[in-house]
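Quick notes on the structure that follows.
The values are calculated or read from the model by the stated rules, or taken from the named source; none is laboratory data. Predicted model, so just to flag it, every value in this text is computed and none were measured. Here the Cβ is made from the backbone with ideal geometry for all residues, glycine too, and neighbour counts use every protein chain on show. Note: areas computed on protein heavy atoms with side chains; ligands, DNA, RNA excluded. Shrake-Rupley method; radii C 1.70, N 1.55, O 1.52, S 1.80 Å.
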Amino acid sequence: IIPETYALPQELGSCVAAVTRSNSVVPWIVKPNKLSRGRGIYLVNHPDMIPKGDDTAVVVSRYIPNPLLLDGFKFDLRLYVLVTSFQPLEVYIYKKGFSRLASKKYTRDLDSLDDAYIHITNSSIQTENKRNENKRGNVHKCKLTLEETLALLRRAHSVVDTAKLLGEIHRVVLAAIVSMNHVVSSNPNCFELFGFDVLIDDRLKPWLIEVNSSPSLKIESLIDFQIKRSLIRDVLRLINPCLYDRKKLASLFLRRMKTGQWSQSMPRSTLELRQQINDELQHILTANFESELHDNHTGDDQSKEVVPGDFVRLAPSPLSERLQNVKEKIEATATDRLHEDKKCR
């Protein structure tokens, strides 16, 4: 689901070997750690161009040289995925997303590797191009809504089944989350909104390019306003936070702090006071929980659950269960091989 990728400096040797084997024909894309909005991204096609410092934290991935094009321009998709629980897995994907368009016509000419306006689709980079050749994206900061993008694909490429394509994208998104949900601690009072960047090649295969843990919700165009405003609203509707009196809650926290750190050696009166405060705290935070839960879930049949707004539930689902089973079989096989290797030594 992702291109061949190496994390540097830990996998520097393997990365240099892979770039060397590509014989300068296949480009590789270098992305620095802890940067955003396309900053510091560049393409290479020779091992000497790979950063080799021990303090250089970058990710190097094989570049997808055959992207599906819109009017001759490269594009990728930004999709929003909400995870309300990792254990058990609860995942929702937003129906509204957008494509990010390049501002110069795509070419596979290796002499163009330095041209970010051809190869790097981040909107913050493309909007810097004062000679934007892409008239479609020029109006909305080099973006089109997902709905518009799929409609254009259907018209431009008669072989594109957009419903099937979306299904494949959903599978890629879910597979990525299933692959790492076991390493994320379970925090029932937390949620996370991710920005998934997906590129589609000319064989209609979706590739996961990047996952952003803090996607920008800044509004810079009409498309941003249409999508992100409703996204924020629907996230809040879906997570459905319990209502509570903030002033009372702050007052209780202050009272509890004054009782000091909990200890069994506390005076009986202090322990009783602390228990009373905890009971009041529990009541404030859960007073509306039972009624909200009853309103949103009718019975035990999850298929009857109404997902608010424009979110679609990806997990739990039959697909997420199949992916989880595949993951467990792979892990079991790897464990068995590890035990066999130890016996042979």
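Quick look at the values:
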| item | result |
| --- | --- |
| Whichever residue in region 120-142 is in contact with a helix residue (DSSP H, G or I) (Cβ under 7 Å, 6 or more places away or on another chain) and under 20 Å from Thr107 (Cα atoms) and, among such residues, is surrounded by the most Cβ atoms within 10 Å (Cβ to Cβ) | Cys142 |
| Flag if Arg255 is under 30 Å from Phe73 (Cβ atoms), open to solvent by 70 Å² or more (accessible area, probe 1.4 Å) and either in contact with a strand residue (DSSP E or B) (Cβ under 9 Å, 6 or more places away or on another chain) or assigned to a helix (DSSP H, G or I) (or both) | no |
| Total residues in region 51-81, condition open to solvent by 20 Å² or more (accessible area, probe 1.4 Å), basic (Lys, Arg) and under 23 Å from the mean Cα position of the chain (by Cα) | 2 |
| Of residues in region 166-184 being of a type outside the set (A, V, I, L, M) and touching a residue at least 24 places away in the same chain (Cβ under 8 Å), the one farthest from Pro3 (Cα to Cα) | His182 |
| Tally, over region 219-250, of residues that are at pLDDT below 90, surrounded by fewer than 13 Cβ atoms within 10 Å (Cβ to Cβ), out of contact with any helix residue (DSSP H, G or I) (no Cβ under 7 Å at 6 or more places or on another chain) and not aliphatic (A, V, I, L, M) | 3 |
| Matching residues in region 1-17 - criterion: being under 23 Å from Trp207 (Cα atoms), in a loop (DSSP other than H, G, I, E, B) and open to solvent by less than 50 Å² (accessible area, probe 1.4 Å) | Pro3 |
| Residue count, region 18-28 (criterion: touching a helix residue (DSSP H, G or I) at 6+ places or on another chain (Cβ under 8 Å) and either assigned to a strand (DSSP E or B) or open to solvent by less than 60 Å² (accessible area, probe 1.4 Å) (or both)) | 4 |
| Tally of residues being of a type outside the set (A, V, I, L, M), more than 19 Å from Lys141 (Cβ to Cβ), open to solvent by less than 60 Å² (accessible area, probe 1.4 Å) and in contact (Cβ under 8 Å) with a residue 60 or more places away in the chain across region 110-119 | 0 |
| Residue within region 296-307 that is within 30 Å of Arg171 (Cα to Cα), open to solvent by less than 80 Å² (accessible area, probe 1.4 Å) and at pLDDT 75 or above present | yes |
| One residue from Thr107, Thr84 being open to solvent by 20 Å² or more (accessible area, probe 1.4 Å) and either part of a strand (DSSP E or B) or closer than 25 Å to Ile219 by Cβ (or both) | Thr84 |
| Among (1) modelled with pLDDT of 90 or more; (2) within 23 Å of Ser36 (Cα to Cα) - the single one Ser124 does not satisfy | (1) |
| Residue that is farther than 30 Å from Glu11 by Cβ and among the small types (Gly, Ala, Ser), where the choices are Ser61, Ser99 | Ser99 |
| Matching residues, region 188-208, being at pLDDT below 95, under 19 Å from Val91 (Cα atoms) and touching a strand residue (DSSP E or B) at 6+ places or on another chain (Cβ under 9 Å) | Pro188, Cys190, Phe191, Glu192 |
| Answer residue from region 273-292, given it is modelled with pLDDT of 60 or more and of a type in the set (A, V, I, L, M) and is nearest to the chain's Cα centre (by Cα) among those | Leu285 |
| From Ala18, Ala57, residue being more than 20 Å from Asp197 (Cβ to Cβ) and among the small types (Gly, Ala, Ser) | Ala18 |
